[in-house]
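One structure is given below, encoded as structure tokens.
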Amino acid sequence: MRQLKLMNVVGARPNFMKIAPLMKAYRAQPEIAPVLVHTGQHFDERMSDRFFRQLGIPDPDVNLGVGGGTHAAQTAAIMTAFERVVQERQPDAVLVVGDVNSTVACGMVAVKEGARLIHVEAGLRSFDRSMPEEINRILTDSITDLFLCSEESGRQNLLREGQPAEHIRLVGNVMIDCLLEHRARAEATQVLEDLRLEPGAYAVVTLHRPANVDDPQALGNILIALEHIQCRMPVVFPVHPRTRKNLWEGAHRDRLAQMANLRLVEPLGYLEFLKLTASARVVLTDSGGIQEETTILGVPCLTLRENTERPATCELGTNRLVGMAPLRIIGAFEEVLAGQVKSGQVPPLWDGKAAERVAGILAGYGR
């Protein structure tokens, strides 16, 4: 039996929860010989090593260690380093997940070196090209051989873009596999006690998108809303590294100093953040993945964007797009407190078995 030499790429925090269930699922498929490559796109210990340990991800076979930099510099560094690995190991296929710089950089190298490209979470579209992730999604899917979609919108987008139906599979959401597997362990953490929080009596906020945190006016508008919200309940804000610098510059510093009930904390581990989110009254975020997690957890989610590449979270789940205008955010928050929330339901195939379906497909891929 000839095994499929499958090179799996992980690079940044959003990837870790997607690659963990896949690496586990491969164990049941002797037809697959997996190799794990970590590009090192996220190089902070809290955002990489800690997640590997908590999620049981095996040590990478290769760690490129590229670190940070601008989009161009980081993408170029990943491509240069990954090219050597592909040439040395000669994989049959390269699997990439999500929409970070590592996704598109390794995808381009794989195709140019003659390997088939497999994209997990394919077809998602915000239709907003000002988002770096949207460019990564479009470019990756333009060269992908096998599209593995997390929701029906992804399949429909790919068909509209002219991709062959026989190359598209709706497999479900591998990140939800991770959530369901680790939820009990997350529940056992002491994060609420450590932060002196009562279940259902606080809000969680996360911000990291350039449109929100690099634009002083946009960030200022969100802080106006948070001023109101923190007067109503504690607001826990695990601060992304790129966000922390911008928060403390200029006029924001004085505003933050007046918010006694806004708690800025360091980035949390996966289990701790899952418990924090699951027990919150409401979550405010600009993260795509958190929109999905709150849908499964049944927690109201107010997304601080005008669009989403994950429409199932709005159409079926607990997510609501509220934009960045202070009054709109505050109004949506007050509706949550008044009990005016969506009940939500679980999108199709978000059942904890997506990685098994992926592994089953790949066990016979190309042979």
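The values are calculated or read from the model by the stated rules, or taken from the named source; none is laboratory data. What you see is a predicted model; the values in this text were computed from it and never measured. Counting neighbours? That spans all protein chains shown, and the Cβs are built from the backbone with ideal geometry, glycine included.
Couple of notes before you dig in:
- For the stretch 196-205, the criterion of being modelled with pLDDT under 95, loosely packed, with under 15 Cβ neighbours inside 10 Å and under 30 Å from L256 (Cα atoms) is satisfied by no residue at all.
- Counting only residues that are of a type outside the set (S, T, N, Q) and in contact with a Pro (Cβ under 8 Å, 6 or more places away or on another chain), the stretch 312-340 holds 5 of them.
- Residues of the stretch 206-241 that are of a type in the set (D, E, K, R) and surrounded by fewer than 20 Cβ atoms within 10 Å (Cβ to Cβ): D214, D215, E227, R232.
Here's the yes/no breakdown for (1) more than 18 Å from R13 (Cα to Cα); (2) out of contact with any strand residue (DSSP E or B) (no Cβ under 8 Å at 6 or more places or on another chain); (3) assigned to a loop (DSSP other than H, G, I, E, B):
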position: A105; (1), (2), (3): no, yes, no
position: A110; (1), (2), (3): yes, no, no
position: H119; (1), (2), (3): no, no, no
position: E134; (1), (2), (3): no, yes, no
position: D141; (1), (2), (3): yes, no, no
position: F147; (1), (2), (3): yes, no, no
position: G154; (1), (2), (3): yes, no, no
position: C178; (1), (2), (3): no, yes, no
position: T189; (1), (2), (3): yes, yes, yes
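- Among the residues making up the stretch 60-104, a single one is free of Cβ contacts under 8 Å to residues at least 12 places away in the same chain and acidic (D, E): E88.
For every residue, the table says whether it meets (1) within 23 Å of the chain's Cα centre (by Cα); (2) modelled with pLDDT of 95 or more; (3) within 22 Å of P210 (Cβ to Cβ); (4) not assigned by TED's automatic domain parsing to the domain that holds L146.
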{"residue": "A72", "(1), (2), (3), (4)": "yes, no, yes, no"}
{"residue": "F82", "(1), (2), (3), (4)": "yes, yes, no, no"}
{"residue": "V85", "(1), (2), (3), (4)": "no, yes, no, no"}
{"residue": "R89", "(1), (2), (3), (4)": "no, yes, no, no"}
{"residue": "V94", "(1), (2), (3), (4)": "yes, yes, no, no"}
{"residue": "D99", "(1), (2), (3), (4)": "yes, yes, yes, no"}
{"residue": "V104", "(1), (2), (3), (4)": "yes, yes, yes, no"}
{"residue": "A110", "(1), (2), (3), (4)": "yes, yes, no, no"}
{"residue": "R116", "(1), (2), (3), (4)": "no, yes, no, no"}
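- The lone criterion from (1) touching an Asp or Glu at 6+ places or on another chain (Cβ under 8 Å); (2) without any contact (Cβ under 8 Å) to a residue 40 or more places away in the chain left unmet by L207 is number (2).
- First in the stretch 9-24 and farther than 13 Å from E121 by Cα and crowded, with 24+ Cβ neighbours inside 10 Å, second anywhere and charged (D, E, K, R) and modelled with pLDDT of 95 or more, Cβ under 7 Å, 6 or more apart: P21/D177; P21/E181
- Checking L6 against (1) touching a Pro at 6+ places or on another chain (Cβ under 6 Å); (2) among the hydrophobic types (A, V, I, L, M, F, W, C); (3) surrounded by fewer than 19 Cβ atoms within 10 Å (Cβ to Cβ), the condition it does not meet: (3)
- Long-range neighbours under 8 Å by Cβ, at least six apart or interchain, first residue without any contact (Cβ under 8 Å) to a residue 40 or more places away in the chain and surrounded by fewer than 21 Cβ atoms within 10 Å (Cβ to Cβ) within the stretch 318-336, second assigned to a loop (DSSP other than H, G, I, E, B) and among the hydroxyl-bearing types (S, T, Y): L321/T308
- Of everything listed in (1) modelled with pLDDT of 95 or more; (2) assigned to a helix (DSSP H, G or I); (3) farther than 20 Å from I32 by Cβ; (4) within 23 Å of the chain's Cα centre (by Cα), the single unmet condition for R125 is (2).
- Each residue in the stretch 136-160 was checked for being of a type outside the set (S, T, N, Q) and without any contact (Cβ under 8 Å) to a residue 24 or more places away in the chain, and 4 of them qualify.
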